[in-house]
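What follows is one structure encoded as structure tokens, with my remarks underneath.
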Amino acid sequence: MTPSPRLLLTIDYESWYALSRRYDNLESDKRHALDKSFARDAIDPILEKLKDSKATFYMVGELVEWYPDLPQKIFDAGHEVGFHCQVHRPLTTVEDIKHDLERSAGWRRKFNVRGYRAPMIRTIEDLYPLLEQNDFTYSSSLYAPTGTKIQKNNIWEFPVSTYPLFGHPDTLLASRHMSMELLIGGEFPYASSMMSGLFPRAVFKIIERELKKGLSPIIFLHPYEIIRPENWPKRLAKDIAAHPLLYPFTLSKSSFMDDLIRSFPISPVLDFVNENIHEHSKS
Ligand SMILES: [Zn+2]
């Protein structure tokens, strides 16, 4: 039996400043001060919004260090606690990924973390053996057409969904991030919160259509798109002026998320992965 189609809603749980690259190399306590408790305070209203729908939260480990209650609240509410990275910044070398995994090992073990989402959804093929050594089951760190699953040694890649306009892509190797190459190849990355910011109705319709086809879209949102940080998006003005493509990430997706919760069956990615892997080994 094929697992029933549903929406795999994921939240890359990071602070508002994760959109900017200007704070990547600060001391951790300086970023903590910048966060101003946003990441701690946003969780209750987000969990309330989800009601009985269960989602996946890919956590930035630094936030777990600052607010140890955060993963516990998510876990106790029945959601999946996954891993986004320890400190949010590009991780595209073996050394950086290794170091980041080492620093997060303690809390990941405590919450039995099995799922990985690369920061900026940009990674390298060398990621997968490292995930295997660190007890992960799956990753969701590429963009690829809805329904794609790729086995890489003992790790499964369940990519963030795209809608292919001209047939399936030839290669599914990392990196498959948001790029001109991806767009020119005819893949509409509807599952990115950039697209749900710009075209919420179109994204909703695509999700509806994919589910009818029996496919399960994997989409992502960020906390600052659901709960508005203070002085938003003004505090990011400098970054938006330099990188206008950041602007859609500051638009509110609160009512978009409500529509999804009202309209579709939703589950954490790990449940879906487990059903799919077992299905695979039976066939
Ligand atoms: Zn992120």
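The values are calculated or read from the model by the stated rules, or taken from the named source; none is laboratory data. Just so it is clear, the structure is predicted and the values come from calculations on it, not from any experiment. Cβ atoms come from the backbone with ideal geometry, glycine included; neighbour counts cover every protein chain shown.
Which one of these is assigned to a helix (DSSP H, G or I), within 16 Å of the ligand (Cβ to nearest atom) and among the hydrophobic types (A, V, I, L, M, F, W, C): Ile46, Ile11? From the options Ile46, Ile11, the qualifying one is Ile46. Among the residues here, Ala202 qualifies as away from the ligand (no atom under 16 Å from the Cβ), among the small types (Gly, Ala, Ser), farther than 24 Å from Arg122 by Cα and part of a helix (DSSP H, G or I).
Within the stretch 214-251, the set of residues being surrounded by fewer than 16 Cβ atoms within 10 Å (Cβ to Cβ), free of Cβ contacts under 8 Å to residues at least 24 places away in the same chain and not in a helix (DSSP H, G or I) comprises Asn231, His243. In the set Thr137, Thr146, only one residue is buried (at least 23 other Cβ atoms within 10 Å of the Cβ) and of a type in the set (Val, Ile, Thr); that residue is Thr146. Filtering Val81, Val64 for residues that are more than 19 Å from Leu130 (Cβ to Cβ), assigned to a strand (DSSP E or B) and not polar (S, T, N, Q) leaves a single hit, Val81. Against the numbered list (1) surrounded by 16 or more Cβ atoms within 10 Å (Cβ to Cβ); (2) within 16 Å of the ligand (Cβ to nearest atom), Lys152 comes up short only at (2).
Of everything in the stretch 102-149 that is aliphatic (A, V, I, L, M) and part of a loop (DSSP other than H, G, I, E, B), the residue that is nearest to the ligand (Cβ to nearest atom) is Ala118.
Pairing each residue of the stretch 49-67 that is at pLDDT 95 or above with any residue that is of a type in the set (Phe, Trp, Tyr) and more than 16 Å from the ligand (Cβ to nearest atom), provided the two are 6+ apart or on different chains, yields C-beta distances under 6 Å for Val64/Trp107.
Among the residues making up the stretch 161-197, those that are among the hydrophobic types (A, V, I, L, M, F, W, C), within 20 Å of the chain's Cα centre (by Cα) and either at pLDDT below 90 or more than 26 Å from Tyr224 (Cα to Cα) (or both) are Leu172, Leu173, Ala174, Met178, Leu182, Leu183. Take the conditions (1) under 17 Å from the mean Cα position of the chain (by Cα); (2) touching a residue at least 40 places away in the same chain (Cβ under 8 Å); Glu125 misses just one of them, which is (1).
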